[in-house]
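Pasting a structure below so you can have a look.
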Amino acid sequence: MRSIFLVGFMACGKTTVGPLLAARLGLPFTDLDHLIESRTRSTIAEIIGRDGEESFRRLETATLREVIDDRPGVIAPGGGAITRAENRLLMATAGLVVWLDAPFELCWERIRQDQVVRPLASDVEAARARYEARLPLYQTATLQIPVTAGMTPAEIVAQILATEVSQ
């Protein structure tokens, strides 16, 4: 069994869908941002604010590499992890990359309702620009799973499993 990487923009559902998918497959789940926050005792916003985005991205890559080397699982990297070519190669080599393709408007609505501080989505214009810049990178994923506002996490998991099995 190889790892499954859930990629997509902020608030697309990676952290919600990941544990359900992992449970269905009998695999561990790792939310990369949560792991980094736990280890550093800092939020992602604090790390970026203190050390800058590039420093955070290097830490993210090192953590991704470590998690991949540990054992197969369902892994949810942060929304921007895909911006580094090294991360794209790591994920493609180590497993199946699944894009949770939620439209920007849905992600933005969830970001606005979320209590998490997202320094890279401080306003709608900044968030939309990041979304559009990352879109071609998300489109390189092995599987694309369309996500709509009405879908439950269980339905998304079922769609992933049905799509994965058919390939």
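Working only within the stretch 143-167, note down all residues that are at pLDDT 95 or above and either farther than 15 Å from residue 17 by Cβ or in contact with a Phe, Trp or Tyr (Cβ under 9 Å, 6 or more places away or on another chain) (or both).
Correct list: 143, 144, 145.
Here is a follow-up. Regarding the stretch 4-14, can at least one residue be identified that is open to solvent by 10 Å² or more (accessible area, probe 1.4 Å) and assigned to a helix (DSSP H, G or I)?
Yes: the stretch 4-14 contains one or more residues that are open to solvent by 10 Å² or more (accessible area, probe 1.4 Å) and assigned to a helix (DSSP H, G or I).
Here's something else I'd like to know. Can you pull out the residues in the stretch 15-47 that are open to solvent by less than 20 Å² (accessible area, probe 1.4 Å) and assigned to a helix (DSSP H, G or I)?
17, 18, 21, 22, 32, 36, 47
Okay, residues lined up against (1) free of Cβ contacts under 8 Å to residues at least 24 places away in the same chain; (2) more than 21 Å from residue 44 (Cα to Cα); (3) touching a helix residue (DSSP H, G or I) at 6+ places or on another chain (Cβ under 9 Å); (4) of a type outside the set (Phe, Trp, Tyr):
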site: 60; (1), (2), (3), (4): no, no, yes, yes
site: 64; (1), (2), (3), (4): no, no, yes, yes
site: 74; (1), (2), (3), (4): no, no, yes, yes
site: 81; (1), (2), (3), (4): no, no, yes, yes
site: 86; (1), (2), (3), (4): no, no, yes, yes
site: 122; (1), (2), (3), (4): yes, no, no, yes
site: 128; (1), (2), (3), (4): no, no, yes, yes
site: 145; (1), (2), (3), (4): no, yes, yes, yes
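The values are calculated or read from the model by the stated rules, or taken from the named source; none is laboratory data. Quick caveat, the model's predicted, so the values are computed rather than measured. Reconstructed Cβ throughout: ideal geometry from the backbone, glycine too, with neighbour counts over all protein chains shown. When the accessible area is computed, the model is the full protein with side chains, heavy atoms only, and any ligands, DNA or RNA have been set aside. Shrake-Rupley method; radii C 1.70, N 1.55, O 1.52, S 1.80 Å.
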